[in-house]
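Encoded as structure tokens, the structure appears first; notes follow it.
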Amino acid sequence: MRKPGLSAVSSRRFKGRWLVAGMLLLIPVIAPSSYVVGTLNLIGLYALVCTGLTLLMGLAGQISLGHAAFYGIGAYVSAILSVKLSLSPWLGVVVGAVIAGLVALIVGIPTLKLKEHYLALATLGFGVILFIFFKQLKELTGGLDGFYGIPPLRLFGWEVNSDAKFYYLVWLFVLAGILFAKNIVHSRVGRALRSIHGSEIAAGAVGVNTHRYKVQVFVISAVYASVAGSLYAHYVAFISPPLFDVMTSIHFLIMVIIGGVGLIEGALLGAAVFTLLGEVLKEVVPLVVHDAGGEFEIVFFGLLLVVLLIYMPDGLGTAIKSAWAKYGSRWKKKGTLSNAGGAVPTPVALAVPPRLERKKPTATAPTLLQVRSLTKSFGGVTAVKDVSFDVRQGEIVAVIGPNGAGKTTLFNLITGILPPTSGRILFENRDITRLQPYQIASLGITRTFQNLQVFPNMTVVENVMTGFHRRMRTGMLKAGLRWKSVDAEETEALHRALAWLDKVDLSHRAYENAATLPYGNQRLLEIARAAVSNPKLILLDEPMAGLNPQESRELVEIILNMREDGITFLFVEHDMETVMSIADTIVVLDYGGKIAEGTPEAIASDPRVIAAYLGDEEEVV
């Protein structure tokens, strides 16, 4: 039986991969030159490192300038165990991968809390430290004199002692590594990683444990590099510290950028382009520039990197893929997920539940959210001051106030984005005051944002599927190995996402990139993403902002229908017509403090509210 979700398009691509694999098998026969095969072996080793680095950089958006260190760990551990302790080289490969993973875990936990250039500098420093260790621990590593006599690998009694034999081994690892990585991309884990890249704040708000996923993918990428380093050591039989210096890490980074950050196949393309250009330069440069040494190569690749970042910021592989899709491709079918490299079918959307009669919470409805004396200060400025209120189950509560009143800060406190200075927040009588955003989301609180936070690196349906993250259980290993349960879980998430897109009238745009949607549709997309996991409470931060009157009316209908399905709402809004028409209770803030709370009728006639926010009474009634 075919796996759920396998379309005709993906089936053809699967056959195409077998064709590519067959062509790879024939290369040593077609081109038996040791130089050609040796170059392809080097490309394979680099591609393996870059595949892991693409998961880290392209999916999660985390920059590393220290991956040559993990490459070296694999090489040295495998060499030391097989030469000095006479253990099986394959045991050395495994132990090297385990040690590299543990080192990545230890390094990643603190450093991956850093962002952007701070993270790059931290990983650069780690790479420098490991290089010094490789150079100074002469008794273990041989220092600058190098480590000699590393035995070749053996497989079922078959000694991998030639370029052609190693070719089949290394490309088996490359294909397995790419398959594992692509399985991760097409899963709950892959969407979580891309959501971190797209908007870390929004990722946490839908239940993604952002730090844990960043550390996990850092460890996985380190293991990729370590395995490649071990294979390299047993291939060349000699290693030395300069092979694993900072410049090697920069070379890996350049390969990933050339191939296309975020494109798994781009790792292979980037490694091939970089290696082949390097070989060409070695032949051409001495004929043009005498005594150029390695400086010319550094200058050339530096210029190439600048040109790519200016004219092809997404990389050569992505540019080729886009050009093919635009000008020469007729195989692209509706249902292909952008940036995913695969295709899923367009299933029939689940039926939208019939609308219920309008209802409001009863006086006996249980209290869902309790805010008690909540205060947040930034230095000498108090953004939220001693605010208390309740939200009952099934209620629509509005928070209003002039600009700067502390409304968004209040939402950030409730959802864990900011820690309060004092006060408590209870959800279903559980204290959630100090919980992380993903923990709060897992309890059933989701939100939208005043400034749109859709994931621009995903399609519309993938955005909504990410909102279902907390209801899914697939982890990194299961995703990479593509266990049967993964397909069933993905199918359920896809159907639920399409059903919610149907509710907000976006199902016809499900497979478009989310960043291409008009502003109003992106608002609806955020709401669908917040609602798909069936939360108990949704916080809407200015949902009507930027909408025209017709879009606002449609959104009001959507909110009321969702309330009928059992969802409770707390929302911030400046559109007073909307507030007065749908809110059961209104909380008014001014200068961070609560000045009034009550029904729309009571708030409309409250002189403190009129003076602070609403203006003349005639405008309210």
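Looking at (1) over 30 Å from Pro32 (Cβ atoms); (2) buried (at least 24 other Cβ atoms within 10 Å of the Cβ), which is the only condition Gly177 fails?
(1)
Could you check, for segment 613-620, whether at least one of its residues is at pLDDT 90 or above, under 25 Å from Gly406 (Cβ atoms) and of a type in the set (Ser, Thr, Tyr)?
no
Mind checking which residues of segment 428-442 are of a type outside the set (Gly, Ala, Ser) and open to solvent by less than 40 Å² (accessible area, probe 1.4 Å)?
Going through segment 428-442, the residues of a type outside the set (Gly, Ala, Ser) turn out to be 428-440.
Of everything in segment 428-442, those that are of a type outside the set (Gly, Ala, Ser) and open to solvent by less than 40 Å² (accessible area, probe 1.4 Å) turn out to be Ile432, Thr433, Leu435, Pro437, Ile440.
Output the number of residues of segment 524-562 satisfying the condition of being touching a Gly at 6+ places or on another chain (Cβ under 7 Å), assigned to a helix (DSSP H, G or I) and modelled with pLDDT under 95.
Residues flagged as touching a Gly at 6+ places or on another chain (Cβ under 7 Å), assigned to a helix (DSSP H, G or I) and modelled with pLDDT under 95 within segment 524-562 amount to 1.
When only residues in segment 147-195 that are of a type in the set (A, V, I, L, M) and without any contact (Cβ under 8 Å) to a residue 12 or more places away in the chain count, which is nearest to Ala205 (Cα to Cα)?
Looking at the filtered set, the residue picked out is Leu179.
Would it be correct to say that Gly61 is surrounded by 17 or more Cβ atoms within 10 Å (Cβ to Cβ), of a type outside the set (D, E, K, R) and modelled with pLDDT under 95?
yes
Please name all residue pairs, on different chains or six or more residues apart, with Cβ atoms under 9 Å, provided the first residue is in segment 472-489 and is part of a helix (DSSP H, G or I) and the second residue is aliphatic (A, V, I, L, M) and open to solvent by 20 Å² or more (accessible area, probe 1.4 Å).
Pairs that qualify, where the first residue is part of a helix (DSSP H, G or I) and the partner is aliphatic (A, V, I, L, M) and open to solvent by 20 Å² or more (accessible area, probe 1.4 Å), are Met476/Val219; Met476/Ile220; Gly480/Leu179; Gly480/Ile220; Asp487/Leu6.
In contact (Cβ under 8 Å) with a residue 40 or more places away in the chain, of a type in the set (Asp, Glu) and open to solvent by less than 50 Å² (accessible area, probe 1.4 Å) - does that describe any residue in segment 549-558? Working first, answer last.
If we filter segment 549-558 for residues that are in contact (Cβ under 8 Å) with a residue 40 or more places away in the chain, which is where we start, we get 554, 558.
If we keep only those that are of a type in the set (Asp, Glu) too, we end up with 554.
Filter once more, keeping what is open to solvent by less than 50 Å² (accessible area, probe 1.4 Å): none.
Taking every residue of segment 549-558 in turn, none turns out to be in contact (Cβ under 8 Å) with a residue 40 or more places away in the chain, of a type in the set (Asp, Glu) and open to solvent by less than 50 Å² (accessible area, probe 1.4 Å).
Using beta carbons and a limit of 6 Å, which pairs, at least six apart or on different chains, have the first residue in segment 358-370 and modelled with pLDDT of 85 or more and open to solvent by 50 Å² or more (accessible area, probe 1.4 Å) and the second one among the polar types (S, T, N, Q) and in a loop (DSSP other than H, G, I, E, B)?
Pro366/Gln393
Does any residue of segment 402-424 turn out to be of a type in the set (A, V, I, L, M), more than 23 Å from Glu573 (Cα to Cα) and open to solvent by less than 30 Å² (accessible area, probe 1.4 Å)?
Applying the first criterion (of a type in the set (A, V, I, L, M)) to segment 402-424 yields 405, 410, 413-414, 417-418.
Next, only the ones that are more than 23 Å from Glu573 (Cα to Cα) stay: none.
There is no residue in segment 402-424 that is of a type in the set (A, V, I, L, M), more than 23 Å from Glu573 (Cα to Cα) and open to solvent by less than 30 Å² (accessible area, probe 1.4 Å).
State whether the residues of segment 39-49 include one that is open to solvent by less than 10 Å² (accessible area, probe 1.4 Å), at pLDDT 95 or above, closer than 14 Å to Val219 by Cβ and in contact with a Phe, Trp or Tyr (Cβ under 7 Å, 6 or more places away or on another chain).
no
Looking at Leu452, Leu477, Leu413 in this structure, which one is under 19 Å from the mean Cα position of the chain (by Cα) and within 30 Å of Gly380 (Cα to Cα)?
Going through Leu452, Leu477, Leu413 in turn, the sole match is Leu452.
Need at least 2 residues that are within 24 Å of the chain's Cα centre (by Cα) per element, so show me which helices (runs of 4 or more DSSP H) inside segment 51-145 make the cut, counting only ones lying wholly within it.
Helices (runs of 4 or more DSSP H) meeting the threshold: 67-83, 89-111, 116-136.
Scan segment 222-230 and give yes if some residue there is β-branched (Val, Ile, Thr) and open to solvent by 40 Å² or more (accessible area, probe 1.4 Å), otherwise no.
Scanning segment 222-230, I find at least one residue that is β-branched (Val, Ile, Thr) and open to solvent by 40 Å² or more (accessible area, probe 1.4 Å), so the answer is yes.
Out of all the residues in segment 138-164, which are open to solvent by less than 90 Å² (accessible area, probe 1.4 Å) and more than 20 Å from Val236 (Cβ to Cβ)?
Once the filter is applied, which keeps residues that are open to solvent by less than 90 Å² (accessible area, probe 1.4 Å) and more than 20 Å from Val236 (Cβ to Cβ), segment 138-164 yields only Gly157.
Kindly indicate whether Ala493 is surrounded by fewer than 17 Cβ atoms within 10 Å (Cβ to Cβ), touching a residue at least 60 places away in the same chain (Cβ under 8 Å) and part of a helix (DSSP H, G or I). Break it down stepwise before answering.
Values: surrounded by fewer than 17 Cβ atoms within 10 Å (Cβ to Cβ): no; touching a residue at least 60 places away in the same chain (Cβ under 8 Å): yes; part of a helix (DSSP H, G or I): yes.
Judged against the criteria, Ala493 is not a match.
Every residue, every condition in (1) open to solvent by less than 10 Å² (accessible area, probe 1.4 Å); (2) under 20 Å from Ile567 (Cα atoms), yes or no:
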position	(1), (2)
Phe449	no, yes
Met458	yes, no
Gly467	yes, yes
Arg470	no, yes
Ala479	yes, no
Glu489	no, no
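Return the residues of segment 563-579 that are surrounded by fewer than 17 Cβ atoms within 10 Å (Cβ to Cβ), in a helix (DSSP H, G or I) and touching a residue at least 40 places away in the same chain (Cβ under 8 Å); say none if nothing qualifies. Please lay out each step first, then the result.
If we filter segment 563-579 for residues that are surrounded by fewer than 17 Cβ atoms within 10 Å (Cβ to Cβ), which is where we start, we get 564-566, 574, 577.
Now narrow it down to the ones that are in a helix (DSSP H, G or I): 564, 577.
Correct list: Glu564 only.
I'd like to check something: does segment 525-542 contain any residue that is surrounded by fewer than 22 Cβ atoms within 10 Å (Cβ to Cβ) and more than 14 Å from Ile567 (Cα to Cα)?
There is at least one residue in segment 525-542 that is surrounded by fewer than 22 Cβ atoms within 10 Å (Cβ to Cβ) and more than 14 Å from Ile567 (Cα to Cα).
Quick check on Asn451: is it over 14 Å from Val208 (Cβ atoms), part of a helix (DSSP H, G or I), free of Cβ contacts under 8 Å to residues at least 12 places away in the same chain and touching a strand residue (DSSP E or B) at 6+ places or on another chain (Cβ under 9 Å)?
When the stated conditions are applied, Asn451 does not pass them.
The values are calculated or read from the model by the stated rules, or taken from the named source; none is laboratory data. Just so it is clear, the model here is predicted, and its values are computed rather than measured. Heads up, the Cβs are rebuilt from the backbone with ideal geometry, glycines too, and the neighbour counts pull from every protein chain shown. Areas reflect the complete protein model, heavy atoms only, side chains present, ligands, DNA and RNA absent. Shrake-Rupley method; radii C 1.70, N 1.55, O 1.52, S 1.80 Å.
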